[in-house]
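Worksheet for the structure shown next.
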Amino acid sequence: MVRDPLTGEGALLGTTRALRPNEFRDGPEDRCAFCPGNEDLTPPEIARYGDASGWNVRVFRNKFPAIVPPDGDHEVIVDSPRHDEEVTALGTEMWRERYAAALERAPSSYPVLFKNSGAYAGATILHPHTQLVVLPDLPDRWERMVEGSGCTLCDEFARAAREETLVAANGDAAAFVRSHSRFAWSLTILPARCASSLLAADAEGWNGVAALARDAVQAIGDAFPDRRAFNLLVYSDPHADAGSFHWHMEIVPRVSTLAGFELSTGMFIRGSTAQESARRWRRMLAPLDGSI
Ligand SMILES: [Zn+2]
Ligand SMILES: [Zn+2]
């Protein structure tokens with residue numbers, strides 16, 4: 001990791017990243033590297049769910065890594081053999097398994113789980129997949145999240161129903177729109193039990209969060225069938241003190257791109273209020289009624 005002495009901002013040097021094929025720019029490859037039957041196109045398999053007849057989820061090192069051992073690691077998790085399944089129950093199970101495996105290998109590391117889907121969200125491969133970048137240090141932005149006393153997200157969530165920013169809930173998790181998030185359409189999915197690491201969640205707690213994420217991603221696909229683009233971000237600090245960080249997911253539909261003002265100042269311009277965004281999310285999720 002390198003640091004800009006002018007701004008203090010950190011950056012990784014991933015010199016092979018520019019060599020990546022880009023299916024959104026250049027059209028689909030003849031053989032999708034992430035599809036069954038084309039396993040020879042990826043680096044060696046690290047893990048899979050499935051058997052000799054096939055796989056449901058498959059994991060390998062990123063061919064074009066942002067960071068490499070011994071500094072860190074960069075894995076790709078192919079969530080499904082299909083192109084029309086973005087977030088799956090088995091896939092999210094694998095996310096947690098790989099997160100735990102990374103910490104077993106490097107106990108002081110900070111694994112970062114995220115999903116880019118669609119060209120406007122930074123994806124270069126059409127086949128749905130999730131990435132795990134294992135960092136040696138806590139990212140600056142997360143460090144600022146941990147600062148301060150008490151749990152900010154617990155406080156915000158306690159006000160969500162009254163402020164009409166609550167979108168959906170099940171027994172283990174809730175989805176709401178934060179009034180101060182960078183993007184108006186960001187959906188925060190918060191586990192009911194406050195813990196700093198996602199590994200502190202039991203199976204029900206994890207599945208409760210994952211189920212809301214699956215519904216939200218499905219709703220984005222239904223609402224923007226031709227221009228679906230979103231990022232799914234998992235925030236979890238395995239080394240934070242209890243009560244100082246609340247692990248959670250953020251789903252960011254990419255309805256706008258970062259422009260000059262954002263790049264210059266690091267500040268974001270919200271196009272709508274949290275209440276308006278929450279109403280829109282509730283309308284988008286209504287057709288999926290019964291799953292939440
Ligand atoms: Zn494919
Ligand atoms: Zn909390």
- Task: Pop out the carbon and sulfur fraction of the accessible area of the chain as a percent, whole number, probe 1.4 Å.
- Result: 52
- When ligands, DNA and RNA are left out and all protein chains stay put, how many square angstrom of accessible area per residue does region 1-137 have with a 1.4 Å probe? 51
- Task: Using only Cα positions of region 169-233, each an equal point scatterer, no hydration layer, compute I(q)/I(0) via Debye at q = 0.18 Å⁻¹ and quote the log10 values to two decimals.
- Result: -0.72
- Item | Cα-based shape type of region 187-292, given that a ≥ b ≥ c are square roots of the gyration tensor eigenvalues and the cut on a/c is 1.5 | oblate
- Translational diffusion of region 63-204, µm² s⁻¹ [Kirkwood Rh, Cα pairs; Stokes-Einstein; 25 °C; 0.890 mPa s]: 143
- Table column - 3J(HN,Hα) (Hz), region 135-150, Karplus curve with 6.51, -1.76, 1.60, x for Gly and Pro: 9, x, 10, 5, x, 3, 5, 5, 4, 5, 5, 7, 4, x, 9, x
- Query: Of 244, 236, 264, which has the most accessible area with a 1.4 Å probe, and how do the rest follow in descending order?
  - Reply: 264, 244, 236
- Quick one: among 75, 29, 276, which has the greatest mean-square fluctuation in a GNM of the chain with alpha-carbon springs under 10 angstrom? 29
- Item | region 142-292, accessible area per residue, ligands and nucleic acids excluded (1.4 Å, Å²) | 48
- Item | Kyte-Doolittle at least -1.0, axis length at least 24 Å by Cα - qualifying DSSP helices, the chain | 89-105, 203-223
- Message: Please list log₁₀ I(q)/I(0) at q = 0.22, 0.25, 0.30 Å⁻¹ for region 87-144, using the Debye equation with identical point scatterers on the alpha-carbon positions.
- Response: -0.95, -1.04, -1.13
- Zone of residue 30 (label point 7 Å along Cα→Cβ, backbone N under 13 Å): which residues in region 93-132? none
- Note on the structure: Binned at 5 Å from zero, the C-alpha pair distances of region 1-137 give percents of 2, 9, 18, 22, 20, 15, 8, 3, 1, 0, 0
- Looks like region 18-92, by Cα gyration tensor root eigenvalues a ≥ b ≥ c and the a/c under 1.5 rounded cutoff (else prolate when a/b is bigger than b/c, oblate otherwise), is oblate
- Note on the structure: Taking N as the number of residues in the chain, the ratio of its alpha carbon radius of gyration to 2.2 N^0.38 Å works out to 0.98
- Quickly rank 7-19, 50-62 as a protection proxy: mean count of other C-beta atoms within 10 Å, highest first. 50-62, 7-19
- Message: I need the calculated FRET efficiency for the pair residue 262 and residue 146, taking r as the beta carbon distance and R₀ as 25 Å, to the nearest 0.05.
- Response: 0.60
- Provide the descending list of Cα extents for region 141-198 along its principal axes, expressed in whole angstroms. 28, 25, 18
- Stretched out fully, how many nm does the piece from residue 22 to residue 202 gain, at 0.36 nm a residue minus the Cα gap? 61.0 nm
- Query: What length, rounded to one decimal in nm, is gained on full extension from residue 193 through to residue 279, with 0.36 nm per residue of separation minus their alpha-carbon distance?
  - Reply: 28.4 nm
- Scanning the chain, every Cys lacking a C-beta partner under 4.7 angstrom -> 194
- Ordered by number, the trypsin sites (Lys or Arg not before Pro) in region 82-153 that occupy a DSSP loop and have at most 15 other Cβ atoms within 10 Å are 82
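The values are calculated or read from the model by the stated rules, or taken from the named source; none is laboratory data. Predicted, not measured: the structure shown is a model, and the values here were computed from it. As a convention, Cβ positions derive from the backbone with ideal geometry for all residues, glycine included, and neighbour counts pool all protein chains shown. Heads up: the accessible areas ignore ligands, DNA and RNA and are worked out on the full protein's heavy atoms, side chains in. Shrake-Rupley method; radii C 1.70, N 1.55, O 1.52, S 1.80 Å.
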